[in-house]
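The values are calculated or read from the model by the stated rules, or taken from the named source; none is laboratory data. Just so we're clear, the structure is a prediction, and the values are computed from it rather than from any experiment. Here Cβ is always computed from backbone atoms with ideal geometry, including for glycine, and neighbour counts include all displayed protein chains. These accessible areas exclude ligands, DNA and RNA; they are computed on the full protein's heavy atoms, side chains included. Shrake-Rupley method; radii C 1.70, N 1.55, O 1.52, S 1.80 Å.
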Amino acid sequence: MTAKLDRIHDEDLRGRVVSAENAASWITDGMTLGMSGFTRAGDVKAVPTALVNRAAHEQFKVNVFTGASLGSDIDKMFAEAGIINKRLPFQADPVMRKKINQGEFMFVDHHLSHTSEWIRHEVIETIDYAILEAISIKEDGTIIPSTSIGNSLVFAEHAKNIIVEINTAQPELLEGVHDLYSPAKQGERRPIPLTKPEDRIGEQGIKVDTSKIKGIVFTHQEDSPSTITQPDEETKIMADHLLDFLRDEVKSGRLTEELAPIQSGIGSVANAVLHGMVDSEFEHLQVYSEVLQDAVFDLMDAGKVDFASCCSITLSEERMKQVFSQFENYRDKLVMRPQEISNHPEIIRRLGLISINTALEFDIYGNVNSTHVSGTKMMNGIGGSGDFARNAKLAIFVTKSIAKDGDISSIVPFASHIDHTEHDVDVVVTEQGYADLRGLAPRERVPQIIENCAHPMYREQLWNYYLEALEHGGQTPHVLEKAFSWHTNYAKNGTMQERTLETV
C-alpha cells in the first residue's frame, strides 16, 4: 500500500482511500454519474464493477454520462445488470446496442463537443458523482488523468462529489502530456487561444476543490485493447483513392505536400485508410483528432507524423504494449485535451482540418447516415463526426460500397437516417473510387456518386431510380413511395437487389 500511496502527493487525501465496494455504496437510485473514459481508454473500472455486483441483490438505476464508449466490458455489464436509466453520448457495445434498440433504457445520441455545454448550462441532470481514472494526485489536489480526458474536466468542475480511481497499471510517464483547458460559459468566453496542434493553453491536470474528493480507489488494470481489424485489400484500395484525391489537391495548389492537420474517426475503416499514408510521399504531417489509433503511431514510426493532438489513445493489444513500454519515444510528440477542445468547431475551422470519418451508408445526393442501421436501429452514435464534418476544410466520408456479401449497398437512393446532410459532405470514398462533391448541385452529384462510388452490381439499379425520380422534378428529385424501397426489400427478402422475372 505504501508504494500506491506514493501516487497521492497530498497527505490529507491519503486518508480517503477506500475500497471500490465502499465507494459504490455511496451511489443511490436516481443518481447521475459522470464517468471518465473515451473509446475504451482511460475509463474507470473498479467502482463500476462494484456497482454491477450490487445490482445482483439490489434494484436501482442511474444515469451514465461518459466521454464516449467504455472498455473493460463496463457498458455490457451495466446493460445486462439493468441499472441504466439514461446513457449518453456514445457507446459501442453490442449488448448495450441491443438494449437501446429494444427500448429498455434511454440513449441520448449527440455531438461529442456538446456534452460539456449542456452540463455547463445545466440543461441536463446534475452530476452527483464524477468517477475519474487518474495516474496520480499532486500536492495541491490536481488530478492527473490517464489515457483519455473526454469529459473528465467538466465532470469534475460541476459534480457534487468526486471519486478518483488511481490506476497503477497506467504509466506515470503520461504526466505532462495532458492540456486541460475549460472555456467559460457561452456568451462570457474569450476566443480559444489555440492556433497549432502543438499549442498548450491549459493545465497539466484537473484542478479541483479537494473537499469534493470523497474517496480514492486503487486499481491495477490496463485499458481494453481496441477492436479494430487490420487493413484488408479493399481498405488499401480506398486509401489509394484518398491519396489520389489529396495529390490532386496538391497539384491544384489547394494543399501543400504537408497537407493540413488530419482528423480520423474511430473505427477499422478510417484507421485503415489513414494507415495507407505510411507508404505515401506525404511527410511532416500533423494530427488534430479526438482518438489516436494504431495508424497514427505507425505514421510516427515511419517518420510521417511530427505531432498529434488528441482526446484519447486507443490501441490494439500489441500496439498498446509497444507504445506504452516505449512511451518516452512518443510523449514529446503528443498532447491530450478535453473532447470539447479536440472537437471544438472554432478550432476545427481555424486549423482547416482534413476530416476522415466512416459512413454506414450515403445516398445519391451525398447525405450520410453514420448511426442507424435501416434508419431505426442505433449502431454506436454520431460521436465526433458531426463536429468535424460541419467545420473541417475537407469533410471526407469513407465506407465499403457493399456489405453482407453484396446483399446491402452502402449507396442508396435516400439515406434511411441522415446525420450529415449533403451541405456538410465534401468527398465520399469507397473501394470503387471517390466523388468530389464540392460546388456541385444535387443533380450534378448523382453521376459522380453512382459511377465512382457505387458497386457495379447496384449501378444500373441506382440509375433506374434516379431517371424515374427526374420525371417528378424538383431540386433534389425523388420518388417518395420508392425512396426507402431498398431498405424494405432487404428487410423482407434479405437483399437490396431487385429480383427480375427471370430470377423469381
Selection status of ALA392, farther than 20 Å from HIS114 by Cα, in contact (Cβ under 8 Å) with a residue 12 or more places away in the chain and touching a strand residue (DSSP E or B) at 6+ places or on another chain (Cβ under 8 Å)
no
Those residues of the stretch 377-413 which are out of contact with any Gly (no Cβ under 8 Å at 6 or more places or on another chain) and among the polar types (S, T, N, Q) amount to ASN380, ASN391, THR399, SER401, SER409, SER410
Which pairs have Cβ atoms under 7 Å, sit 6 or more apart or on different chains, and link a residue in the stretch 245-265 that is touching a residue at least 60 places away in the same chain (Cβ under 8 Å) to one that is of a type in the set (Lys, Arg)?
ALA260/LYS393
If you check ASP298 against the conditions, is it in contact with a His (Cβ under 9 Å, 6 or more places away or on another chain) and within 27 Å of GLN91 (Cα to Cα)?
yes
Condition first: in contact (Cβ under 8 Å) with a residue 60 or more places away in the chain, buried (at least 17 other Cβ atoms within 10 Å of the Cβ) and not assigned by the TED database to the domain that holds ALA92. Can you find one or more residues in the stretch 468-478 that meet it?
yes
What pairs can you find where one residue is in the stretch 341-360 and at positive phi, the other is open to solvent by 10 Å² or more (accessible area, probe 1.4 Å) and hydroxyl-bearing (Ser, Thr, Tyr), and their Cβ atoms are less than 9 Å apart, with a gap of 6+ or different chains?
none
Please state which one of SER312, SER252 is among the hydroxyl-bearing types (Ser, Thr, Tyr), more than 17 Å from PRO231 (Cβ to Cβ) and over 19 Å from the mean Cα position of the chain (by Cα).
SER252
Filtered residues of the stretch 40-53 (kept if open to solvent by 10 Å² or more (accessible area, probe 1.4 Å) and closer than 19 Å to GLY67 by Cβ)
ARG40, ALA46, THR49
Quick check on SER25: is it open to solvent by 50 Å² or more (accessible area, probe 1.4 Å), in contact (Cβ under 8 Å) with a residue 24 or more places away in the chain, of a type in the set (Gly, Ala, Ser) and touching a helix residue (DSSP H, G or I) at 6+ places or on another chain (Cβ under 9 Å)?
yes
Suppose the filter is part of a loop (DSSP other than H, G, I, E, B), at pLDDT 95 or above and in contact with a Cys (Cβ under 9 Å, 6 or more places away or on another chain); does GLY150 pass it?
yes
Here are LYS214, LYS207, LYS160, LYS196: which of them is outside the structural domain of GLY267 (by the TED database), exposed (fewer than 15 other Cβ atoms within 10 Å of the Cβ) and touching a residue at least 60 places away in the same chain (Cβ under 8 Å)?
LYS196
Every residue in the stretch 67-108 that is in a loop (DSSP other than H, G, I, E, B), charged (D, E, K, R) and open to solvent by 50 Å² or more (accessible area, probe 1.4 Å), please.
ASP73, GLU104
The stretch 224-261, subset under 24 Å from PHE307 (Cβ atoms) and open to solvent by 40 Å² or more (accessible area, probe 1.4 Å), residue modelled with the lowest pLDDT:
GLU257
